[in-house]
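Structure first, commentary second.
The numbers here are math on the coordinates, done by the rules we state, and not lab data. Since the model is a prediction, treat every value here as computed from it, not as a measurement. Glycine gets a Cβ as well: all are built from the backbone with ideal geometry, and neighbour counts include every protein chain shown.
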Amino acid sequence: MFHDIFLSRKVSLLLSPYFCTKEYMKILTCVEDEVWQSLSALPGATWVRLQHMDEWKNHPTPDALFVSADTPLTGIPENVPVFMDASTIDSMPTPSVNYVTLWPGFIERPRWEVGGTPHEAANHILHSLNVTPVWVTPATGLIASRVVSMIINEAYFALEDGISTKDEIDTAMKLGTGYPYGPFEWSRKIGLPAIAHLLLHLSATDKRYKPCALLLKEANV
């Protein structure tokens, strides 16, 4: 009898709202369609998409804000951690902004490069999303996306010169380097326009990043 009462109370406790309700962070986003699809699939948060930045006033107490590159942040409270795409970091990065690579294929990774000064609020947000931050110096494209973009660019030069086909270049790169994707597979996953815009921004000050004409043509840039 006492055993049945104990079990009954235990089940009631486990089914109570205290144990069944999980409180998620509320994160606002103002990003492109493809980025929204990747971000909103991350667990650990309730994601709210803004069509325009002034809509944030309808959600006055967010836990964080994820935005596209160059998004104006006028009026955003200083205590709200801001994560901005790193595609176009100016020569003077905003100290209060955490720069990340908001690209499909990068968002799903368990470790993110974060440009800026490490601080507990940003670490807490990312850890809650099951992401491990790797803090780096803020610079346009950070590190990994620069490298991937250059590999894709070189692959387009090879394609333009008639050296091989897209499928053959993808296969050769995966077999030769152990990368999970070939350069053209990466370009489809990330979105060629995003790669083209990063290369164009970087090439304005460093000609090594000059994008291949065929890449720009296919990106419709």
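Suppose a student asked you for the relative contact order of segment 144-219, using Cα pairs under 8 Å spaced at least 6 residues apart; what percent would you report? Don't skip to the end; give the middle numbers.
On the way: 67 pairs, mean separation 25.5, N = 76.
Relative contact order here is 34 percent.
222 nm [θ] for the chain, helices only, -39500 (n - 2.57) per DSSP H run of 4+, per residue, to 500?
Numbers: 9 runs with 89 residues, N = 221.
Computed mean residue ellipticity for the chain: -12000 deg cm²/dmol.
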Residues whose built amide H sits under 5 Å from the amide H of Phe66, excluding neighbours closer than 5 in sequence, are Leu28, Thr29, Cys30, Phe83
What length, rounded to one decimal in nm, is gained on full extension from Trp36 through to Asn58, with 0.36 nm per residue of separation minus their alpha-carbon distance? 6.0 nm
So what are the ³J(HN,Hα) numbers for segment 111-119, from phi and the Karplus equation (6.51, -1.76, 1.60; θ = phi - 60°), rounded to whole Hz, Gly and Pro as x? 10, 10, 6, 10, x, x, 9, x, 8
What are the residues whose amide H is under 5 Å from the amide H of Val134, where those residues sit 5 or more places off or on another chain and H is modelled from the backbone? Trp112, Glu113, Val114
Given the peptides 139-146, 99-106, arrange them by the average over their residues of other C-beta atoms within 10 Å, most packed first. 99-106, 139-146
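Quick one: net charge of Asn79's neighbours, Cβ under 15 Å, K/R +1, D/E -1?
Details: positive: Lys26; negative: Asp63, Glu78, Glu120.
So the environment of Asn79 carries a net charge of -2.
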At R0 = 45 Å the Cβ-Cβ FRET efficiency linking Val136 and Asn220, nearest 0.05, sits at 0.90
Sequence order, segment 63-78: Karplus ³J(HN,Hα) from phi using 6.51 cos²θ - 1.76 cosθ + 1.60, θ = phi - 60°, Hz rounded, Gly and Pro as x, gives 7, 6, 9, 10, 9, 5, 4, 6, 5, x, 10, 4, x, 5, x, 5
